[in-house]
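Enquirer: There's a structure below that I have some questions on.
The values are calculated or read from the model by the stated rules, or taken from the named source; none is laboratory data. Nothing here was measured: the structure is a model prediction, and the numbers come from that model. All Cβ positions, even for glycine, are placed from backbone atoms using ideal geometry, and neighbour counts span all protein chains on display.
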Amino acid sequence: MLGRSERTWHSPATVRNRFDQLAKQIGKEALGPSGATVAHDEISPETQHADLRHEPDPAREAERARLGLLGRIAAVLCLIEIYGHAPDGEEFRACLAKHIAFWQQRARKVRVHRRRQEKPQRSPGAFVEPFLWIITAGVPTALLTKLKLTSARDWPAGVYFFGEDVLRVGIVVASELPRDRSTLLVRLMAAGPLLRQAIEDLGRLPADAHERAVAEQILLNLHHALGKKPSRTPEEQEFIVTMHNTWEKARELGRAEGRDEGRNEGRNEGRAEARAETRAGAVLTVLRVRGIAVPDAARERILAQRDPGQLERWLEKAAVAASLDEVLDEPS
């Protein structure tokens, strides 16, 4: 099961935390196009489950390249375990146990398969030794010290290796990663206290960014689900506020960065027009994801609106309203 943060992200085992599924969903959505990806993968003989198992397709290297650090992590057969906090020794040993069991399980399957082949040329290639990746939001200081881990060469800060080719384990401390686009999907998966910042960074990307295609719908679905809850935890409420007040605004800020403020008035008007269209599109997207039908007349009204304040109010209402009338009840 996914880890939680040391703060109130941790919840009783009897309560299914909706954030538990976020990393699995984003990871599966991101990695699926580049190879077989299984969430909550069962490992025998003693039943255990890995958060993600990925088997890269060699022909889909271009798909992995679009994922930044996540694609590099998934370049070889691997298990991926995710913690929203800093895992302790017991949790590390549990991950290692699953990794070794999976390694042995795969080795047995390869041996059996080879024995059954009538023609040697049909037998599979060399056995691929799997890798274990542990992605953690917090810094596992005790583990780093006791295992004498040092930063991995030729990898970003925050990536550590353990056991060399004997164990093949990598630890990714998401809070130490560079805050750039290449690490964004990993930071979104780590979630925990890093989620707000990662959503801000996602919002700054262009509308057609691949990371947005991977994560945006998943985040909106979670936003919708949490919006329907009669009561929410502080973390769930923080997520909703972030989606309302940071994500869309950060996207607008990202679009504005680097633009010359001294350009002529006509171009400024063009920017304002584009920003209004973006906000109107966001309103329609949230309504669509939430299953609220939008008649043509209402769609035209939303798309024609140019007041940023009105569009922001509609966007906030769209996330929690039960009907279109509740969203558009204010005069334009």
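Enquirer: Could you check segment 25-48 and list, in sequence order, the residues that are loosely packed, with under 14 Cβ neighbours inside 10 Å and of a type outside the set (S, T, N, Q)?
Expert: ALA36, GLU42, PRO45, GLU46
Enquirer: Among the residues of segment 49-68, how many are out of contact with any strand residue (DSSP E or B) (no Cβ under 7 Å at 6 or more places or on another chain) and either of a type in the set (Asp, Glu) or surrounded by 18 or more Cβ atoms within 10 Å (Cβ to Cβ) (or both)?
Expert: Applying the first criterion (out of contact with any strand residue (DSSP E or B) (no Cβ under 7 Å at 6 or more places or on another chain)) to segment 49-68 yields 58-59, 61-63, 65-68.
From what's left, either of a type in the set (Asp, Glu) or surrounded by 18 or more Cβ atoms within 10 Å (Cβ to Cβ) (or both): 61, 63, 67-68.
Qualifying residue count, segment 49-68: 4.
Enquirer: OK, next. Residue by residue through segment 28-68, note down the ones that are free of Cβ contacts under 8 Å to residues at least 12 places away in the same chain and either among the basic types (Lys, Arg) or not in a strand (DSSP E or B) (or both).
Expert: GLY32, THR47, PRO58, ALA59, ALA62, ALA65
Enquirer: Show the residue pairs that are 6+ apart or on different chains and have beta-carbon atoms under 8 Å apart, the first residue being within segment 289-304 and over 21 Å from LEU219 (Cα atoms) and in contact (Cβ under 8 Å) with a residue 12 or more places away in the chain, the second being of a type in the set (Ser, Thr, Tyr) and surrounded by fewer than 17 Cβ atoms within 10 Å (Cβ to Cβ).
Expert: Listed pairs, sorted by first residue: ARG301/SER332.
Enquirer: Could you grab me the full set of residues in segment 181-194 that are over 15 Å from GLY68 (Cβ atoms) and within 9 Å of the chain's Cα centre (by Cα)?
Expert: ALA191
Enquirer: Scan the strands (runs of 3 or more DSSP E) fully inside segment 69-178 and keep the ones with 2 or more residues being in contact with a Pro (Cβ under 8 Å, 6 or more places away or on another chain) and either buried (at least 20 other Cβ atoms within 10 Å of the Cβ) or not polar (S, T, N, Q) (or both).
Expert: Result: 78-83, 131-136, 169-173.
Enquirer: Assess whether LEU188 counts as being assigned to a helix (DSSP H, G or I), at pLDDT below 90, under 30 Å from PRO130 (Cβ atoms) and not hydroxyl-bearing (Ser, Thr, Tyr).
Expert: The answer is no for LEU188.
Enquirer: Still on this model: How many residues are buried (at least 17 other Cβ atoms within 10 Å of the Cβ), in a helix (DSSP H, G or I) and charged (D, E, K, R) when one looks only at segment 277-316?
Expert: Residues flagged as buried (at least 17 other Cβ atoms within 10 Å of the Cβ), in a helix (DSSP H, G or I) and charged (D, E, K, R) within segment 277-316 amount to 3.
Enquirer: Is it true that some residue in segment 321-328 is over 22 Å from ALA207 (Cβ atoms) and at pLDDT below 85?
Expert: The answer is yes; a qualifying residue exists.
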